[in-house]
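Right, one structure below, let's go through it.
The values are calculated or read from the model by the stated rules, or taken from the named source; none is laboratory data. All figures in this text were calculated on a predicted structure; none of them were measured in a lab. Using ideal geometry, Cβ is built from the backbone for each residue, glycine included, and neighbour counts are taken over all protein chains shown.
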Amino acid sequence: MKEKKKVQTENQERIKTPFSEMVRKFKKQKNAVVALCFIIFLIFLAFFGSKIVPYGINEYDYNAILQGPSMKHLFGTDEFGRDLFSRIVCGTRISLAVGFGAVTVGAV
């Protein structure tokens, strides 16, 4: 009985699909794994960014014009008092759409 199980596991290990080979080689490249995690993080920000930002992208705060980073405005504000963190997070959606569109056009 043990020999039969051993033969089955050996046969299962020999089957290598192109996808499993790609995953195996991909896991060996640490830079590629880190880049994939970063891209997944950006995609998460693109979808849920508008829910986690404290201010709207065009919301003005005239009392905080050109302020540096603080607890109220994480990345500071611009010359109109708009929160830079909110604008950067909401801008990821546009940046990813342009990037994926360029890759798609380039692939065709």
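Listing for the model above:
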item: Any hit, segment 79-89, residues being over 11 Å from the mean Cα position of the chain (by Cα) and small (Gly, Ala, Ser); result: yes
item: When residues of segment 87-96 are limited to those that are touching a residue at least 40 places away in the same chain (Cβ under 8 Å) and of a type in the set (A, V, I, L, M), the one farthest from residue 53 (Cα to Cα); result: 96
item: Options 84, 74; residue that is closer than 12 Å to residue 53 by Cα, surrounded by 12 or more Cβ atoms within 10 Å (Cβ to Cβ) and at pLDDT 95 or above; result: 84
item: Those residues of segment 26-70 which are in a helix (DSSP H, G or I), within 21 Å of the chain's Cα centre (by Cα) and farther than 19 Å from residue 89 by Cα, in sequence order; result: 26, 27, 28, 30, 31, 32, 33, 34
item: Residue count for segment 29-62, restricted to those that are touching a Ser or Thr at 6+ places or on another chain (Cβ under 9 Å), β-branched (Val, Ile, Thr) and either modelled with pLDDT of 95 or more or over 13 Å from residue 87 (Cβ atoms) (or both); result: 1
item: Single residue of 53, 89 found to be in contact with a strand residue (DSSP E or B) (Cβ under 9 Å, 6 or more places away or on another chain) and buried (at least 16 other Cβ atoms within 10 Å of the Cβ); result: 53
